[in-house]
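Worksheet: the structure to be examined is printed underneath.
Each value in this text was obtained by applying a stated rule to the coordinates, not by laboratory testing. This structure is a prediction, so every number in the text was calculated from the model and none was measured. Reconstructed Cβ throughout: ideal geometry from the backbone, glycine too, with neighbour counts over all protein chains shown.
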Amino acid sequence: MSAPTVLVTGSSGHLGAALVLALPSYGLTPLGVDIIPSSTTHSIIDITSVSELTALFTAHPSLEHIIHAATLHKPHLASHPKSAFISTNITGTLNLLEASVTIGIKTFTFISTTSTFGSALSPAPSQPAAWINESVVPLPKNIYGSTKTAAEDLCMLFHKEHELPVIVLRTSRFFPEEDDDDKRRAAMDDANLKVCELTYRRVDIADVVSACVCAVRRAGEVKFGKYIISAPAPFQRTDEVLRGLDEDAEAVLRATVPEAEAVFKVRGWRFLERLDRVYDSSKAVRELGWEPEFTFEKTVERLKRGEEWRSELSLKVGKRGYHAVSTGVYTVR
């Protein structure tokens, strides 16, 4: 029996490449498509072109699943007009959804972003940290968040109208580049910052891939769902914790994961002083059967043993940059 074939859009990007590299180990055969060539892209396809998609699906009638990762990202805000975001993120998604219905795709996984929450993510200093779960209403603050939210709505519409099994995964940050905020870059070592972010707003790319596999496997049962994909927070949601994350996040983390203090001290690392939000991914764990391996606690254990804190897959994918972005930390030079 042959392995199910999965169309992976955006296969030259970070997540798309990771999916193409890793899906075979999960018993799935990836078909990578992108507008730019790479070692993980099998066909050069523009998802905004209906004719190109039609030719692709005609040439590959065995396609059963779609993981739609192609998108214009936040780094493109400075390099692309709003119309380009609408074309790629909305029209491209619509084209794929329509094709899915036409050819009878079994499951559709849409890669969205926690950036859709926008203004809900940053309470002012002296306000408790925001606990972000799927019940929080998105408040996009730029065209990136707005178009991803609109694409999510299209996914829901196609599920309602055509009973297409769709899973929306709102991923937190997994990019390997340094932070784009000058103050955050200057505040601490890049690895130090990224490990700290695993407590509230980061996820390893290998865990995103496993979440996608869970989505493919469970979509037929779930039918439709939206899920936050971020490393599970090491602390529980209480008023005391949320106030503490605003007032003294270091104290909260020391109390919650006490072994982290010695591990950080050996490396000369620091804790973040304040956390403004916490992404709650417990719904994905509960309903999709997702089992993230790169949590903050497990990362501290790896560091204690002298092991690499990142996944092997993240190192293999490396820094791929962002299409047509020519300035800033996101550019591969």
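Charges only on Cβ, +1 for Lys and Arg, -1 for Asp and Glu: so what's the dipole of segment 159-254 about the Cα centre, in debye to the nearest 20?
Numbers: 16 positive and 20 negative charges, 121 e Å.
Using Cβ point charges on Lys, Arg, Asp and Glu, segment 159-254 gives about 580 debye.
Only sites in a loop by DSSP and with at most 16 other Cβ atoms within 10 Å count here; which trypsin sites (Lys or Arg not before Pro) in segment 228-279 make the cut? It would help to have the intermediate numbers written out before the result.
On the way: sites: ARG237, ARG243, ARG254, LYS265, ARG267, ARG270, ARG274, ARG277; in loops: ARG237, ARG270, ARG274.
Passing sites in segment 228-279 are ARG237, ARG270, ARG274.
Can you check what the net charge comes to around VAL168, using other residues whose Cβ is under 15 Å from the Cβ of VAL168 (Lys, Arg +1; Asp, Glu -1)?
Details: positive: LYS148, LYS160, ARG170, ARG218, LYS223, LYS226, LYS283; negative: GLU134, GLU152, ASP153, GLU287.
Every neighbour counted, the sum reads +3.
Net charge around SER282, counting only other residues with Cβ within less than 13 Å of its Cβ (Lys, Arg = +1; Asp, Glu = -1)? All intermediate terms of the calculation are to be shown ahead of the outcome.
Numbers: positive: ARG237, LYS283, ARG286; negative: GLU134, ASP280, GLU287, GLU291.
Net charge around SER282: -1.
Could you give the dipole magnitude of the chain about its Cα centre, charging the beta-carbon of Lys and Arg +1 and that of Asp and Glu -1, in debye to the nearest 20?
200 debye
Name the residue farthest towards the positive end of the dipole of the chain from the options SER38, ALA249, TYR200, assuming +1 on Cβ of Lys and Arg, -1 on Cβ of Asp and Glu, about the Cα centre.
Of the candidates, SER38 comes out farthest on the positive side.
I want the local charge near VAL300. Using Cβ-Cβ distances under 15 Å, sum +1 for each Lys or Arg and -1 for each Asp or Glu among the other residues.
Working: positive: LYS194, ARG202, ARG254, LYS265, ARG267, ARG270, LYS298, ARG302, LYS304, ARG305, ARG310; negative: GLU197, ASP204, GLU250, GLU259, GLU261, GLU293, GLU297, GLU301, GLU307, GLU308.
Summing Lys/Arg as +1 and Asp/Glu as -1 gives +1.
In the chain, with Lys and Arg counted as +1 and Asp and Glu as -1 at Cβ, which of these residues, PRO24, ILE229, LEU157, has the Cα nearest the positive end of the dipole, that is, farthest along it?
PRO24
Would you compute, from DSSP H runs of 4+ residues alone, the mean residue ellipticity of the chain at 222 nm, taking -39500 (n - 2.57) per run and dividing by the full residue count, rounded to the nearest 500? Intermediate values should be presented prior to the final figure.
On the way: 13 runs with 136 residues, N = 333.
Only helices count here, giving -12000 deg cm²/dmol.
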